[in-house]
Amino acid sequence: MKITFLGTSAGVPTRSRNVSCVALRLPQRGEAWLFDCGEGTQQQLLRSDLNISQLTRVFITHLHGDHVYGLMGLLATCGMSGHAARIDLYGPRDLAQYVADVSRRTQLHTSYPLEVHTVEPGKVFEDDEYVVTCAPLKHRLPAFGFRVEEKERPGHFDVERARAEGIPPGPLYGRLKRGEHITLPDGRAFDGADFCGPAIRGRTVVYCTDTIYCRAAVELARGADLLIHEATFAVADEPLAQRSLHSTTAMAARVAREAGVRQLFITHFSPRYFPGNRTEPQDLLREAREIFPATEMAHDFLTVEVPRRD
Ligand SMILES: [Zn+2]
Ligand SMILES: [Zn+2]
């Protein structure tokens with residue numbers, strides 16, 4: 001489970017930062033999920049080591065342009081390149097209408113199944129390995145934060161031991177791996193738990209943007225291994241954050257601290273904080289670390305592995 005930041009600027013792109021997009025990479029199943037899709041995301045994908053054919057899901061937090069203007073172009077390219085098997089989109093109510101309107105006006109016909117799911121607070125997606133939930137944040141448009149939880153996996157299965165007990169390989173091993181009790185034709189009974197190491201704890205990644213500080217973000221991020229939270233403004237510019245319903249560095253750090261996350265990545269920086277300005281990007285990081293020391297600053301193409309807890 002890895003994260004690659006593809007866009008870390010707020011509102012408009014700069015030379016070094018594109019507008020919002022984060023890729024969640026699931027290498028073991030060859031998939032990439034995107035969170036937001038600002039303009040230019042497909043160019044960012046081309047410059048990264050991600051492959052467009054891995055794209056299976058796109059989660060849109062809200063419909064401000066810097067989070068969604070890259071979506072239709074990307075979907076069109078997925079069709080023309082013939083790569084996509086199927087793409088599922090998740091987002092607020094108006095997303096389905098937006099996709100339908102642009103598709104109709106521009107005669108976009110995707111060659112692959114494309115489904116738009118309107119999210120409601122709570123569960124958004126679930127399969128054998130992952131569950132994705134969302135919660136409404138506090139912004140000028142309806143906006144949702146997303147939480148991706150990897151499910152707990154059974155511990156290492158001790159094949160040698162099963163063989164030594166004379167249990168025939170095959171479906172019985174599968175049942176033991178799942179922790180079930182089995183009985184052999186000769187009457188001997190075994191408990192799967194005796195053949196499995198400790199369960200492997202799943203990891204959790206939470207993405208909160210755009211929003212001003214809100215309790216919903218804290219609850220959504222509770223205990224996460226990695227929280228990505230917007231920090232559009234420096235503390236000194238808090239009035240701007242209040243007016244535009246964005247977060248300051250301190251607000252993002254406060255969410256991380258109150259939620260008890262392991263690591264915070266701040267992103268979605270106002271272009272006003274460029275190197276050489278009175279407030280520079282490094283100042284934003286320093287401000288956040290004063291409140292939550294385990295803070296890092298995202299930049300475009302930064303890839304981080306979400307570490308497992310020991
Ligand atoms: Zn934004
Ligand atoms: Zn916004």
Share of antiparallel DSSP beta bridges in the chain, in percent to the nearest 5? 55 percent
If you take the charge dipole of the chain about its Cα centre, with +1 on Lys and Arg Cβ and -1 on Asp and Glu Cβ, which of S81, V19, C208 is farthest toward its positive end? V19
For segment 195-239 and segment 72-127, compute the distance between their C-alpha centroids and round to whole Å. 26 Å
Which shape class applies to segment 1-145: rounded if a/c is under 1.5, otherwise prolate when a/b exceeds b/c and oblate if not, where a ≥ b ≥ c are the square roots of the Cα gyration tensor eigenvalues? rounded
When the Kirkwood hydrodynamic radius is evaluated over all pairs of different C-alpha atoms of segment 236-310, what value in angstrom, to one decimal, is obtained? 13.3 Å
On a C-alpha basis, how far is the centre of segment 4-38 from the centre of segment 129-161 in Å? Whole number, if you could? 18 Å
Helix 281-291 versus the longest principal axis of the chain: what angle, 0 to 90°, nearest 10, using Cα atoms? 60 degrees
Per-selection Kirkwood Rh - segment 152-280 (Cα, Å, 1 d.p.): 18.2 Å
Calculate how steeply helix 94-105 sits against the longest principal axis of the alpha-carbon atoms of the chain, using the helix alpha-carbon long axis, and give the answer as 0 to 90 degrees to the nearest 10. 70 degrees
Cβ neighbours within 10 Å, averaged per peptide: list 117-127, 238-248 in order, most packed at the top. 238-248, 117-127
Go ahead and set up a Gaussian network model of the chain, Cα springs under 10 Å, then flag whichever of H64, H156, H229 fluctuates most. H156
Need the full-extension length gain, L46 to K2, defined as separation in residues times 0.36 nm minus the C-alpha distance. One decimal, nm. 14.1 nm
So for segment 113-160, using the alpha carbon gyration tensor with a ≥ b ≥ c as root eigenvalues (a/c under 1.5 gives rounded; past that, a/b versus b/c decides prolate or oblate), I'd call it prolate
Ranked output for segments 182-189, 164-171, 33-40 by mean other Cβ atoms within 10 Å, highest leading, reads 33-40, 164-171, 182-189
Could you compute how fast the chain diffuses translationally, taking Rh as the Kirkwood radius over C-alpha pairs and applying Stokes-Einstein at 20 °C with viscosity 1.002 mPa s? Give it in µm² per second. 103 µm²/s
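Values in this text are rule-based calculations from the coordinates and carry no lab data. Nothing here was measured: the structure is a model prediction, and the numbers come from that model. In this analysis, Cβ positions are derived from the backbone assuming ideal geometry, glycine residues included, and neighbour counts consider all displayed protein chains.
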